[in-house]
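What follows is a single structure, written as structure tokens, with notes after it.
Throughout, read-outs are computed from the coordinates displayed, never taken from laboratory work. These numbers were taken from a predicted model, which means no experiment stands behind them. Here the Cβ is made from the backbone with ideal geometry for all residues, glycine too, and neighbour counts use every protein chain on show.
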Amino acid sequence: MPKHYPKAHPWRRPLIAIEFSALAVLLGSMLLMGRLAGPDGQVNPLWLLVPALSSLAVFLSFIGLMYLRWVANVEQTAAVKHKIVFGLLTVTLLGVWAYAITRTWLSL
């Protein structure tokens with residue numbers, strides 16, 4: 001690796017592992033939901049916790065990786081701007097997730 005690349009953060013590999021594991025669980029649970037549905041097409045609402053929590057894990061690990069990339073490795077002169085943009089993106093992503101989960105639960 002060239003000298004000008006920063007050393008990898010110790011949280012990088014665990015966050016990547018969590019992100020892809022949660023993504024696999026999310027995709028698997030979505031495939032399983034079609035098979036779990038009864039003849040009337042209804043699924044027990046507790047089964048919806050699996051994709052909800054795994055999608056939250058995907059979002060949180062993505063946000064963690066985004067933090068490591070955009071905020072932790074930035075020079076101090078641009079850190080405030082990066083923190084503001086990171087904060088806005090974090091609030092937006094988690095807000096969209098919360099809205100989608102709320103609308104799903106209310107539609108049951």
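Descriptive notes on the structure:
- Within the listed set LEU65, LEU53, LEU32, the Gaussian network model of the chain (springs between alpha-carbon atoms below 10 Å) gives the highest mean-square fluctuation for LEU32.
- Spin-label pair TRP105-LYS83: with each label point 7 Å from Cα along the Cα-Cβ axis, the two points sit 3.2 nm from one another.
- Options (1) 31, 27, 24; (2) 60, 30, 14; (3) 41, 28, 23 - which one matches Cα extents along the principal axes in Å as calculated here: (2)
- Top of GLY64, GLY28, GLY38 by mean-square fluctuation, Gaussian network on the chain, Cα under 10 Å: GLY38
- Sorting the segments 79-86, 40-47 by their mean number of nearby beta carbons within 10 angstrom, highest to lowest, gives 79-86, 40-47.
- Structure remark: mean-square fluctuation, Gaussian network model of the chain, C-alpha springs under 10 Å; the largest value among LEU31, LEU94, LEU60 belongs to LEU31.
- In this rough spin-label picture, where each label sits 7 Å from Cα along the Cβ direction, the ARG12-ALA24 distance is 2.2 nm.
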